[in-house]
1. Kindly indicate the residue of segment A:29-40 that is in a helix (DSSP H, G or I) and within 18 Å of residue B:8 (Cα to Cα) and also farthest from the other protein chains (Cβ to nearest Cβ) among those meeting that condition.
2. Among (1) surrounded by fewer than 19 Cβ atoms within 10 Å (Cβ to Cβ); (2) in contact (Cβ under 8 Å) with a residue 40 or more places away in the chain; (3) within 14 Å of chain B (Cβ to nearest Cβ), which single condition is residue A:202 missing?
3. Kindly list the number of the only condition in (1) in contact (Cβ under 8 Å) with a residue 40 or more places away in the chain; (2) crowded, with 23+ Cβ neighbours inside 10 Å; (3) in a loop (DSSP other than H, G, I, E, B); (4) touching a strand residue (DSSP E or B) at 6+ places or on another chain (Cβ under 6 Å) that fails for residue A:164.
4. Among the candidates B:25, B:72, single out the residue that is surrounded by fewer than 22 Cβ atoms within 10 Å (Cβ to Cβ), touching a strand residue (DSSP E or B) at 6+ places or on another chain (Cβ under 6 Å) and more than 20 Å from residue A:41 (Cα to Cα).
5. Please go through segment A:125-150 and pick out each residue that is touching a helix residue (DSSP H, G or I) at 6+ places or on another chain (Cβ under 8 Å) and either at pLDDT below 95 or not in a strand (DSSP E or B) (or both).
6. Could you count how many residues in segment A:225-242 are in contact with a helix residue (DSSP H, G or I) (Cβ under 9 Å, 6 or more places away or on another chain) and not in a helix (DSSP H, G or I)?
7. Just checking, how many residues over segment A:259-271 are more than 17 Å from residue A:195 (Cα to Cα) and in contact with a helix residue (DSSP H, G or I) (Cβ under 9 Å, 6 or more places away or on another chain)?
8. Only one residue in A:73, A:136, A:104, A:112 is crowded, with 18+ Cβ neighbours inside 10 Å, within 25 Å of residue A:210 (Cβ to Cβ) and without any contact (Cβ under 8 Å) to a residue 24 or more places away in the chain. Which one?
């Protein structure tokens with residue numbers, strides 16, 4: 001199988017990740033509860049993951065809250081900043097993991113910046129929206145549908161200037177592009193463990209620039225005599241038993257990225273995406289590509305997009321079709337009615353994958 | 001005193017302290033804080049040998065690793081809170 005659905009999850013993990021998960025299952029008890037060797041080995045495994053994340057993302061280990069996925073992380077962040085009915089600014093390319101919590105909170109959402117690959121539009125609209133006052137801003141680093149890389153550093157600077165707390169959704173950028181909590185001065189940055197960070201499903205990270213409100217209350221192995229959730233990180237946002245085998249794998253994924261270098265990962269993925277976009281355009285497909293694009297290419301096949309994906313699957317090509325849990329992004333790009341077929345490259349991207357994909361695409 | 005115990009509010013902070021001290025060549029290990037010292041809390045502590053105490057204290061304070069109460073443990077296993 002040629003796997004091009006890394007936007008959903010990375011499928012081919014580094015071998016060390018499988019070993020780390022297996023080892024944790026065999027050796028790790030519950031961290032932060034007991035004091036016997038396998039409990040301490042579990043604690044060491046978890047802390048090792050926090051340390052690796054802290055080093056990569058520019059923060060302290062205790063600022064690394066471990067979650068079950070990026071959606072979980074985003075919910076913690078959004079529900080800390082937004083309580084109900086307040087004005088929130090988002091970009092035109094957000095995932096349902098951002099828009100659905102805001103909808104549930106009945107937030108007054110302003111969508112700013114709807115033109116694909118257009119930084120001028122994004123920054124002009126975003127600033128205009130912030131100037132009118134907002135309780136919070138939430139924006140993605142890279143669109144999961146189109147690979148559109150947003151100008152997050154500039155957007156973060158605008159948020160700081162207008163004193164609007166903000167959350168960055170790094171679901172598609174963590175492990176591929178620089179993401180630095182301190183440099184961005186973000187309130188929160190959310191990411192999955194199972195995409196670019198190459199960990200197992202069931203893992204995620206919330207980088208906390210400020211204290212979050214607990215989304216779930218329960219046992220933390222600390223301040224046990226108090227009924228309030230602890231007032232310190234990471235415990236305040238980590239109730240219940242952690243997914244230790246998953247975190248073991250995530251830690252190994254992070255260490256792999258440190259060894260390989262995320263710049264190298266980016267270059268591989270970017271090169272494959274550009275080549276793929278060019279080839280699809282040459283074949284006559286409507287392709288969504290532009291200057292600020294990372295690792296993901298969406299295009300319109302000449303047939304129903306789900307049928308196209310099915311035909312590609314029969315030829316051993318794994319892609320995702322439809323709305324990609326991001327109807328807002330499709331609405332912005334004008335593809336809400338058709339959906340698109342999306343090829344998203346991963347850390348193992350190469351020219352052979354692109355060639356195989358394009359050969360298969362020619363048939364549809 | 002034979003040993004000293006630095007208490008921490010969670011295992012994460014104890015681990016942060018442990019990492020720091022071990023990097024500096026100060027031997028220590030994480031253990032559960034004795035119940036008699038915790039006043040119903042559950043916590044972890046770093047156990048340090050007496051001759052490393054002052055250096056460990058200075059390093060933890062300089063690096064701003066947050067710790068709670070500090071106890072000395074004598075050879076009979078009795079604890080005494082240290083004013084730091």
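The values are calculated or read from the model by the stated rules, or taken from the named source; none is laboratory data. Only a predicted model underlies this, so the values are computations on that prediction, with no experimental measurement involved. All Cβ positions, glycine included, derive from the backbone under ideal geometry; neighbour counts span all protein chains shown.
1. Among residues in segment A:29-40 that are in a helix (DSSP H, G or I) and within 18 Å of residue B:8 (Cα to Cα), the one farthest from the other protein chains (Cβ to nearest Cβ) is A:39.
2. The single condition residue A:202 does not satisfy is (3).
3. That leaves (2) as the condition not met.
4. From the options B:25, B:72, the qualifying one is B:72.
5. A:126, A:127, A:130, A:135, A:141, A:143, A:144, A:145, A:146, A:147, A:150 - these are the residues of segment A:125-150 that are touching a helix residue (DSSP H, G or I) at 6+ places or on another chain (Cβ under 8 Å) and either at pLDDT below 95 or not in a strand (DSSP E or B) (or both).
6. Residues that pass the stated criteria total 7.
7. So the count comes out to 1.
8. Answer to the check: A:112.
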